[in-house]
Amino acid sequence: MKIGIIGTGAIGGTIAKKMSAAGHQVKVNNTGNIDKLNALAQELGATAAHQKEVVKDVDVIILAIPTIAIPTLPKDLFAEVPQNVIVVDTSNYYPFRDADMEEIKNGQVESVWVSEQLGRPVIKAFNNLLAETLASGGKKPGADDRIAMAIAGDDAEAKKVIAGLVDDAGYDTVDSGTLSESWRHQPGTPAYCTELNAAELRQALADGVKDDAPILRDKAIAELSAMSTYPAHPEVVKFNRALFA
Ligand SMILES: NC(=O)c1ccc[n+]([C@@H]2O[C@H](COP(=O)([O-])OP(=O)(O)OC[C@H]3O[C@@H](n4cnc5c(N)ncnc54)[C@H](OP(=O)(O)O)[C@@H]3O)[C@@H](O)[C@H]2O)c1
């Protein structure tokens, strides 16, 4: 497939690498100049593209930028993008990083807000696995304890396409429902960055409590920030799981 990725940081860069390794044609864009982007794109197995080009002639557009950066995208970025092009939102809202965003703080589901900002439907995916998990936790289909990713959205066909890309990356998917249900894998829920297999993830998605999530999200960040050294990846996953023990 032809994939355009906006954002080449921890998650966007990892998705680009995984998708190009799986044989997809990947274009990337970030805020830097095109020479620097060219060098990075080469490392990722992708090609560098200006913002207007990254969304052109692709099957899937993946937004891998912080929530706060969504409104900085040009208002007409998607004007000529056909409706059958799938837009994926990977973002997670963190007040410490994204500042106060009233609608989300008042309970609006994060990707519903993103969809409204863009003026088009989105699929929420790639948000509930840490970049480190995505980089190195992949397994072949059918492998024991293959890690699963949650995927939400209102278009069943689009979700199938994205589930295929996730499978290419080495992960199962669990359909978490419509976009309005995607709070079930936002930060502060048991489905968020806890590296679960499909059966465990299904249960975690069912166990989430919407009003508790922002409280647990902020508690987790406060506790992780208070540690003298930031824990290694396996400890972070254990820490996330322990929030719900
Ligand atoms: N890190 C993870 O483990 C992880 C996992 C799942 C989901 N997420 C979510 O994914 C989002 C991105 O996280 P991240 O960790 O990848 O952040 P990051 O490492 O800080 O990377 C952010 C990327 O977004 C780019 N960017 C920002 N504004 C842009 C704009 N207007 N146009 C084009 N590119 C823009 C930045 O460009 P420059 O490179 O030019 O600065 C950078 O490449 C966040 O909402 C995060 O919560 C993260």
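If you go through the range 170-207 and keep only what is crowded, with 22+ Cβ neighbours inside 10 Å and among the aliphatic types (A, V, I, L, M), you end up with 174, 179, 191, 196, 201, 204, 205.
Contact map, the range 233-245: first residue touching a residue at least 60 places away in the same chain (Cβ under 8 Å), second residue hydroxyl-bearing (Ser, Thr, Tyr), Cβ cut-off under 7 Å, separation 6 or more or different chains; pairs are 237/194.
State whether the residues of the range 180-187 include one that is under 17 Å from residue 233 (Cα atoms) and not polar (S, T, N, Q).
Residues of the range 180-187 under 17 Å from residue 233 (Cα atoms): 187.
From what's left, not polar (S, T, N, Q): 187.
Yes, the range 180-187 has at least one match.
Inclusion of residue 121 among residues that are modelled with pLDDT of 95 or more and farther than 22 Å from residue 15 by Cα is not warranted. Taken over the range 205-232, the criterion of being of a type in the set (A, V, I, L, M, F, W, C), assigned to a helix (DSSP H, G or I) and without any contact (Cβ under 8 Å) to a residue 40 or more places away in the chain is satisfied by 206, 213, 215, 216, 220, 222, 224, 226.
For the range 145-154, state whether one or more residues are in contact with a His (Cβ under 6 Å, 6 or more places away or on another chain), outside any loop (DSSP other than H, G, I, E, B), modelled with pLDDT of 95 or more and within 10 Å of the ligand (Cβ to nearest atom). The answer is no, given that none of the residues of the range 145-154 is in contact with a His (Cβ under 6 Å, 6 or more places away or on another chain), outside any loop (DSSP other than H, G, I, E, B), modelled with pLDDT of 95 or more and within 10 Å of the ligand (Cβ to nearest atom).
On the stretch given as the range 156-185, residues that are free of Cβ contacts under 8 Å to residues at least 60 places away in the same chain and outside any helix (DSSP H, G or I) total 8. The numbered conditions (1) within 14 Å of the ligand (Cβ to nearest atom); (2) outside any loop (DSSP other than H, G, I, E, B); (3) polar (S, T, N, Q) are all true for residue 194 except (2).
Output the strands (runs of 3 or more DSSP E) that fall wholly within the range 1-109 and possess 3 or more residues being aliphatic (A, V, I, L, M), within 8 Å of the ligand (Cβ to nearest atom) and surrounded by 12 or more Cβ atoms within 10 Å (Cβ to Cβ), or say none. Steps first, please.
Values: elements: 2-6, 25-29, 60-63, 86-89.
Because the criterion is at least 3 residues that are aliphatic (A, V, I, L, M), within 8 Å of the ligand (Cβ to nearest atom) and surrounded by 12 or more Cβ atoms within 10 Å (Cβ to Cβ), no strands (runs of 3 or more DSSP E) in the range 1-109 meet it.
This table checks each residue for (1) of a type in the set (Ser, Thr, Tyr); (2) over 26 Å from residue 135 (Cβ atoms); (3) modelled with pLDDT of 95 or more.
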residue: 7; (1), (2), (3): no, no, yes
residue: 15; (1), (2), (3): no, no, yes
residue: 61; (1), (2), (3): no, no, yes
residue: 72; (1), (2), (3): yes, yes, yes
residue: 83; (1), (2), (3): no, yes, yes
residue: 103; (1), (2), (3): no, yes, yes
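The values are calculated or read from the model by the stated rules, or taken from the named source; none is laboratory data. Everything quoted here is computed from the prediction, not taken from an experiment. Every residue, glycine as well, gets a Cβ built from its backbone with ideal geometry; the counts of neighbours run over all protein chains shown.
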